[in-house]
Amino acid sequence: MNSLIVLLLSTMIAPEDPKPLRFDRIVIDDNFPGGYQVEIADVDGDGKPDIIALGGSTCAWYQNPSWQKRIISTAKETPGIISSATRDIDGDGKAEVTIAYEFSMNKPKDGKLLLGRQGATLDAPWTFTPIANVGSLHRLRWGDIDGDKIPELVAAPIFGPSATPPAFQEEGARIRIYTPQVQKDRITFDASTIEHPLFVLHAIDVIDVDQDGRCEILTASNSGVVAFSKAKITLPVLGSRLDWSVGLGPVGAAGAAPKRGSSEVHIGNLNRAERFYATIDPWHGSEVSITRRDGGTNNREVLDNTLDDGHALWVADIDGDGNDEVFAGHRGKNACVSIYRHNSKLWTKTVLDRELAAQDLRGGDIDGDRIPDVVAIGGKTHNVVWYRPIKASPTNREP
């Protein structure tokens with residue numbers, strides 16, 4: 001009897017949603033070997049969000065709404081590609097893309113960052129300029145971290161350069177900040193470093209959490225969730241200036257390094273007011289968790305601990321009820337994408353897609369209907385898929 005109780009308690013999963021959200025499953029690409037990351041951004045400057053996908057040393061973009069595929073880079077330019085971050089840096093109406101490549105799990109000193117710029121036409125080859133060598137560079141995101149309305153590039157390695165497998169604890173990773181400088185047709189970057197090491201820094205999110213005009217950098221690492229923000233401080237002699245403050249969020253999952261802490265992180269909303277951290281725990285972990293801050297206490301709730309090699313996470317309010325849904329995916333056994341939805345005081349689960357081994361999830365309003373869409377990329381399934389919500393009654397959506 002006791003062993004049965006242990007078995008029952010060892011598996012936690014939110015109950016099935018009795019009235020699940022419905023989506024059109026639109027395959028953008030069914031032949032993208034090694035798919036690893038996906039973005040949603042306006043590449044061609046026509047005001048419509050496009051899709052950028054990468055993996056297997058290739059970066060490509062798909063033009064909205066035809067979804068014609070165009071190659072940005074190949075193994076010749078970006079071997080070992082791992083991440084991208086896309087935006088119009090110089091204001092010419094066409095997006096640039098920064099790309100992290102030459103990533104190797106067992107060679108933390110390896111890693112490069114470059115800038116890709118479009119040619120004269122949509123079908124012209126892109127040109128590439130090296131930015132920096134950054135060992136084990138793993139995630140790239142844009143965000144205005146100092147409040148000057150000019151976004152910076154946040155570049156996060158996963159390991160420190162002297163870290164070694166299997167635990168990778170010899171040296172922590174340090175986040176790099178790259179500030180673009182536009183001079184006529186030339187773009188350069190000023191670099192700085194946050195001198196706070198994090199071990200197995202797997203994911204970042206760059207978002208203005210407190211709505212003060214400055215984005216925080218949320219990190220998911222062996223320390224759980226750690227937030228970095230530019231805060232105004234006053235020091236003797238030096239006076240007032242912006243400097244980094246560090247805050248610890250949810251501690252993630254316990255365990256031995258490197259399988260501890262958090263692997264992915266995003267901020268969500270309940271009732272349009274209460275914030276929560278959504279995480280996958282630990283590194284490449286099995287748990288989808290929600291953590292709410294109650295005063296100085298973290299209240300962590302595990303929604304699901306049945307993932308195998310969890311690697312994809314997103315939050316978005318699909319049904320307009322003021323509660324963000326959590327999308328999570330894993331790439332191991334029984335790989336799938338699932339939705340966790342907050343109904344009253346209960347979280348429920350719906351499996352959205354069993355034919356995608358999720359490496360990444362991103363969201364945005366792709367079709368202009370003011371309802372968030374979600375895009376996923378599968379590694380071993382070689383696919384890029386758009387999940388478009390099927391519109392229900394508009395009575396629960398704000399005008």
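The values are calculated or read from the model by the stated rules, or taken from the named source; none is laboratory data. In this text the structure is predicted, and so the values were computed from the model without any measurement. Reconstructed Cβ throughout: ideal geometry from the backbone, glycine too, with neighbour counts over all protein chains shown. The accessibility values were calculated without ligands, DNA or RNA, using every heavy atom of the protein model including side chains. Shrake-Rupley method; radii C 1.70, N 1.55, O 1.52, S 1.80 Å.
Miscellaneous remarks
- Ala163 over 21 Å from the mean Cα position of the chain (by Cα), closer than 18 Å to Phe189 by Cβ and either of a type in the set (A, V, I, L, M, F, W, C) or in a strand (DSSP E or B) (or both): no
- Output for the range 46-67, where each listed residue is within 21 Å of the chain's Cα centre (by Cα), of a type outside the set (Phe, Trp, Tyr) and part of a strand (DSSP E or B): Asp50, Ile51, Ile52, Ala53, Leu54, Gly55, Thr58, Cys59, Ala60
- Scanning the range 263-275 for residues that are free of Cβ contacts under 8 Å to residues at least 40 places away in the same chain and either open to solvent by less than 20 Å² (accessible area, probe 1.4 Å) or hydroxyl-bearing (Ser, Thr, Tyr) (or both) returns no hits.
- The set of residues in the range 254-274 being under 24 Å from Lys345 (Cβ atoms) and either over 18 Å from the mean Cα position of the chain (by Cα) or of a type in the set (Phe, Trp, Tyr) (or both) consists of Leu270, Asn271, Arg272, Ala273, Glu274.
- Residues in the range 240-262 include none that are within 17 Å of Ile194 (Cβ to Cβ), surrounded by 24 or more Cβ atoms within 10 Å (Cβ to Cβ) and either of a type outside the set (Ser, Thr, Tyr) or modelled with pLDDT of 85 or more (or both).
- Residue in the range 19-38 that is most open to solvent (accessible area, probe 1.4 Å), counting only those that are closer than 14 Å to Lys69 by Cα and not in a loop (DSSP other than H, G, I, E, B): Val27
- When the range 175-203 is limited to residues that are assigned to a loop (DSSP other than H, G, I, E, B) and free of Cβ contacts under 8 Å to residues at least 24 places away in the same chain, the one that is nearest to Val225 (Cα to Cα) turns out to be Glu195.
- Candidates Ala376, Ala328 - the one that is more than 23 Å from Pro250 (Cβ to Cβ), modelled with pLDDT of 95 or more, of a type in the set (Gly, Ala, Ser) and within 21 Å of the chain's Cα centre (by Cα): Ala376
- Every test in (1) touching a residue at least 12 places away in the same chain (Cβ under 8 Å); (2) of a type in the set (Gly, Ala, Ser); (3) part of a loop (DSSP other than H, G, I, E, B) is passed by Ala124 save one, and that test is (1).
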